[in-house]
Every structure is written in structure tokens, then in C-alpha cells.
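> Take a look at the following structure, please.
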Amino acid sequence: QVQLVESGGGLVQAGGSLRLSCAISGNIVSINNMRWYHQAPGKQRELVAAISSSGSANYADSVKGRFTISRDKAQNTFYLQMNSLKPEDTAVYYCNALLVLAGGPSQYSYWGQGTQVTVSS
């Protein structure tokens, strides 16, 4: 059974930092794309950052220069380093990955359970 388990959320003051982790487990052949989304109360879920299997990263304009997405292929884990946090970054953060499972070749989208990030002013 495939699982994406997030950790690292919490409460931080404006200007502070947090590091989110997303650990992927299960009978996986490959991880094709890894993404972080956030969803603030009353708003739609939005893409924050993405990294491809080749390591190419993209960011939402609102987090460029402050957030960094990275991955550890050996550990099947990816991260979101969040620096210079602002109150408007407050949201539930979800990790998402496109996975090819044993018996492939189709890829499927899986989500983590979400972790709350709260930035106080």
C-alpha cells in the first residue's frame, strides 16, 4: 500500500523557517513528479512548488526566493524548506507525487494527509 506521510508543520513567527518532509513508502518503481500544495481556509488548493525526477524545480510567484523544494531519491523523501515565512503562508500544506507502482507502467497521483503551517504576525 502506498503512503505519503508528511511532517514538519507547526506554528512559527513571521520571518521564521520551517521544513516540511514527505516520505513515500510502498511498492514503487519510480517517482515521476513531486509537488507541494497549500490550501488556506475558504480558498482553493494551490500549487506551491514542484520538482521533476530530473531535479528541475518550479515555484509559485508568491514563494520564489523564500521556499526551496528538494528530494532525497535514496530515501524516497522530498522536502519543502520555507524561509522568511509570512502570515499569508498560513495554510494546510499537502504533498503530492506521481508514482509508477510495481506492475506498472501507468502512473498515479497520491496525496499526503496534510500538515498545518501557521505563521503569526
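The values are calculated or read from the model by the stated rules, or taken from the named source; none is laboratory data. What you are looking at is a predicted structure, and each value in this text was computed from that prediction instead of being measured. All Cβ positions, glycine included, derive from the backbone under ideal geometry; neighbour counts span all protein chains shown. The accessibility values were calculated without ligands, DNA or RNA, using every heavy atom of the protein model including side chains. Shrake-Rupley method; radii C 1.70, N 1.55, O 1.52, S 1.80 Å.
> For the stretch 82-94, indicate whether the set of residues that are out of contact with any helix residue (DSSP H, G or I) (no Cβ under 6 Å at 6 or more places or on another chain), open to solvent by less than 30 Å² (accessible area, probe 1.4 Å) and free of Cβ contacts under 8 Å to residues at least 40 places away in the same chain is non-empty.
No, the stretch 82-94 contains no residue that is out of contact with any helix residue (DSSP H, G or I) (no Cβ under 6 Å at 6 or more places or on another chain), open to solvent by less than 30 Å² (accessible area, probe 1.4 Å) and free of Cβ contacts under 8 Å to residues at least 40 places away in the same chain.
> Let me ask something else. Would you confirm, using the coordinates I've provided, whether residue 79 is under 13 Å from residue 37 (Cα atoms), of a type in the set (Ser, Thr, Tyr) and either open to solvent by 40 Å² or more (accessible area, probe 1.4 Å) or at pLDDT 95 or above (or both)?
Working: under 13 Å from residue 37 (Cα atoms): yes; of a type in the set (Ser, Thr, Tyr): yes; either open to solvent by 40 Å² or more (accessible area, probe 1.4 Å) or at pLDDT 95 or above (or both): yes.
Yes, satisfied.
> Can I ask one more? So which of 97, 23 is of a type in the set (Gly, Ala, Ser), part of a strand (DSSP E or B) and in contact with a Lys or Arg (Cβ under 8 Å, 6 or more places away or on another chain)? Can you show your working first?
Values: 23 fails: in contact with a Lys or Arg (Cβ under 8 Å, 6 or more places away or on another chain).
Only one candidate qualifies: 97.
> Which of the residues that make up the stretch 21-45 are closer than 26 Å to residue 88 by Cβ and either of a type in the set (Phe, Trp, Tyr) or loosely packed, with under 13 Cβ neighbours inside 10 Å (or both)?
Correct list: 36, 37, 41, 42, 43, 44.
> Scan 109, 54 and give me the residue that is in a strand (DSSP E or B) and open to solvent by 30 Å² or more (accessible area, probe 1.4 Å). Walk me through it before giving the result.
Values: 54 fails: in a strand (DSSP E or B).
Exactly one residue qualifies, and that residue is 109.
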